[in-house]
Structure formats: structure tokens, C-alpha cells
1. Test GLU86 against the stated conditions and say whether it is buried (at least 18 other Cβ atoms within 10 Å of the Cβ), modelled with pLDDT of 50 or more and part of a helix (DSSP H, G or I).
2. For segment 155-179, name all the residues that are under 11 Å from THR139 (Cβ atoms) and not hydroxyl-bearing (Ser, Thr, Tyr).
3. If we keep just the residues of segment 51-67 that are modelled with pLDDT under 80 and exposed (fewer than 12 other Cβ atoms within 10 Å of the Cβ), which is farthest from ILE157 (Cα to Cα)?
4. What's the number of the condition PHE269 fails, among (1) at pLDDT 75 or above; (2) over 19 Å from SER196 (Cα atoms); (3) not small (Gly, Ala, Ser)?
5. Name the pairs whose Cβ atoms lie under 6 Å apart, with the first residue in segment 311-333 and part of a loop (DSSP other than H, G, I, E, B), the second of a type in the set (Ser, Thr, Tyr), and 6 or more positions between them or separate chains?
6. Has segment 234-249 got at least one residue that is within 30 Å of THR211 (Cβ to Cβ) and either at pLDDT below 75 or in the same structural domain as ALA217 (by TED's automatic domain parsing) (or both)?
Amino acid sequence: MEPCGPGLRTRHSSPVLASQGSPTTRPRYTLVVIQRCQRCIHNLNSPLTQTFPACLFPDGHQLIPGIREVYELHLAWLEAQTLEPERLVEQAAYFWSIDGRPTRHFLTCVGETLKLPDFCSSRLKSFIATNSFRTGYATHGLFPYRGKFHPQMVRGILNTIGVGPGQTVLDPMMGSGTVPIEASLLGAWAIGIDVSPFCVFMTKTKASGLTMALARAEGALERIETIFDYFARRYGVARSGNRQAASRDDDLHRVMEEGAEYVVSGRRFRDRETAETYALLLLAFLDTMGYMQRSQRRAPIEQFRGVLERYLHCCRKFQRFRSAHPFELGDVDARRIFQRAISQLFKRIRWLRKYRGKAYCLHRKPLNNIAVMFGG
């Protein structure tokens, strides 16, 4: 029996039985077995000699700090299998360095991702610091939409199915717009639809925040009380008080839907900069209404100022990074869909899956180059 390679023989037929030898021979034969096994393992370049998860990836592929979930390692492995090194530098979600070159995602996230007011809880600050590579980068930090995808996970999935510049992604239930924004960051054209005017408004505002001029929005901080009073008179204020939860939710929903409807209904502004500035300020106001509905420990003006400063920080940080490291963004087309059109949409999607699509509805032919995802 030669368990560790040719020529390895102990006093006994099996290395396991070496311990049965005499006291004077046992250590010598045991040491021989260990040395030969180590030599064989080293010569075979076995994964057993590598640390986990380094053994999963080629040399030079460095994972982003803080990865601890199995699905993250799986997506990272799929990215490494799917994308060439050059594309990994530009698109990777789970690597901070490829052959010594930092990835675009890592450079986007480093530094203070979200500017949180001093009155925010230590729990929230800890969550943001721990998950800086998962969420909160670019304009994903605008409005804390409950139950949305982790943007980093969405990017990993898009990379796995081959989405990149020149391709198209359709999200028929876009929610907060995580999928369209990530597709845009990868250079793809993104189409997002939703029945909620607020979701359409939120997605459009996040998309415009990637490139919009910020001077007028920054100037609004000097007139924060006037801005808040204008929105409060125009759309009302959601208050918590002592009313029942259902009544408070209806009040907040009314304020948000009316504000979003005003923007997405096609109202004409003087110019694009005015429209984008108005949308960013309104989204910050509606975000403040959400905080007020849950708690009134802080004055509304103070809440509004903190939210707007956080929005401006997110937009400014990304725009500065893109100015220093230029790359093309894909267009985002966010649209509202009505109930009567939903059934026809899903009939079309089922037809695509049955006759033209494969997994994830990714079509690599030039005429059918579209990926369909269900986002949030």
C-alpha cells in the first residue's frame, strides 16, 4: 500500500499502523509519513495548502473586505469565471483588486459613503460602516426604501448573466430602482416600470443624481426653512401624533403619492436643471416625512437639513469620482405602467422566455439583447 506516492514504505503495510511499532521505531516512521505526505501535497499544488477562500480564485484576485455570506462567495466565483480581467476591473462587485489594479466598485465605495447627521443612532451608523460596499454607494443612499435588493448583489447577478455596455436590462417591477441604477453604472441601457408613481419618481431622481448640477440644491441649504415651508404647504405634512397606525400610513402615502405624481405627470419646468433640483429637494422632503411619521424626537427642519445634506454628499461624492475616473453611464428610462397593461407585459415576457430566452431571459443575439430582472 502506497498512500502517499511511490516508494513510501513504513515498517508496516499502512502508515496508520506505524503507531503499533516498538517505542524506539514509532517516532521515526511516523515522521517519515508526515514528511512524505507534506512533500506530495506541495508537489501537487493542492488547494489544501491555500487559505479559504483564496483557493477559489486566481492569483491577483483580491476579495472586498467583509464578505462573509456563501452567496457572496458564489457570485464572486461566477464573476471570476464569466468576466475577463479587464472587465473585472471595470464591473466587478466583489473584488477590490485585480492583478494589483483597484476595481471601479472599490474606488466608488471607499471613504465616507453616507453622511449621517449627528443625531442618527449608533446602530444605523454601525450598519452603514459595515455595509459600505453592499449598499449606500452612488445614489443608492437616496431614500431608505424598505426591502430593496443589495445593490452589490444586483451587480454581481448582472455580471454573471453577461450584462455590460451596449446591452439592455428590463425591470418590470423596479421598486426603488436598484436594478436600473446598477445597469446604468455598468454602461447598459436600463428600462424600469412600476405601477407606483412614487417608485418612478424615486428612480428618475436617483438616475439624475448621478450627473445633475448640484449648485442650486446646495444653495437651498441656506434657505432650508423656506423650502420646507413651500413643500409643506404644497403637499401637506405627515404627522405621527396619537392616531392609529393605519391612519398614519395613509397620511404618509397620500403625501408621497401626491408629490411624486406632480413630478411624473409631465409638468413642464423651465429647464432640466430646475426639474432635477426640484425632484431632489422633493425626495428629501418626502424622506423627512417618513422619519417624522416614525418619530418626532427631532424638529422637522433639522431632519430635512440632515436628509438633504446626505443626498448632496452621495451625489457629490460619486460625481467627483467619475470626474477623476471617467466612464460612460447607461441611460435610465423609468416609466409608470397601469394595471390594464400588466397582464399584456407578462404575456410578452412569458413569450420571450418560451421561444427566445434562456436562463434569466438573457438573449445574446443582436436583435434580442435584453435581460429581464425583477427588482426592488
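1. Numbers: buried (at least 18 other Cβ atoms within 10 Å of the Cβ): no; modelled with pLDDT of 50 or more: yes; part of a helix (DSSP H, G or I): yes.
It is false that GLU86 is buried (at least 18 other Cβ atoms within 10 Å of the Cβ), modelled with pLDDT of 50 or more and part of a helix (DSSP H, G or I).
2. Of the residues in segment 155-179, the ones under 11 Å from THR139 (Cβ atoms) are 176-178.
Within segment 155-179, just GLY177 meets the criteria.
3. Taking segment 51-67 and keeping what is modelled with pLDDT under 80, we get 51-55.
Subset that is exposed (fewer than 12 other Cβ atoms within 10 Å of the Cβ): 51-52, 55.
Values: THR51: 26, PHE52: 23, CYS55: 22 Å.
Going through the qualifying residues, I end up with THR51.
4. (1)
5. Matching pairs, first to second residue: LEU329/SER184; GLY330/SER184.
6. Here is the first cut: in segment 234-249, the ones within 30 Å of THR211 (Cβ to Cβ) are 234-235.
Restricting the remaining residues to those that are either at pLDDT below 75 or in the same structural domain as ALA217 (by TED's automatic domain parsing) (or both) gives 234-235.
The answer is yes; a qualifying residue exists.
Results for (1) surrounded by fewer than 21 Cβ atoms within 10 Å (Cβ to Cβ); (2) of a type in the set (Phe, Trp, Tyr); (3) outside any strand (DSSP E or B); (4) more than 16 Å from the chain's Cα centre (by Cα), shown as yes or no for each residue.
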{"residue": "GLY147", "(1), (2), (3), (4)": "yes, no, yes, no"}
{"residue": "VAL154", "(1), (2), (3), (4)": "no, no, yes, no"}
{"residue": "SER176", "(1), (2), (3), (4)": "no, no, yes, no"}
{"residue": "GLU182", "(1), (2), (3), (4)": "no, no, yes, no"}
{"residue": "PHE201", "(1), (2), (3), (4)": "no, yes, yes, yes"}
{"residue": "SER208", "(1), (2), (3), (4)": "yes, no, yes, yes"}
{"residue": "GLU218", "(1), (2), (3), (4)": "yes, no, yes, yes"}
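The values are calculated or read from the model by the stated rules, or taken from the named source; none is laboratory data. Keep in mind that what you see is a predicted model, and the values were worked out from it rather than measured. Backbone-built Cβ (ideal geometry, glycine too); neighbour counts: all protein chains shown.
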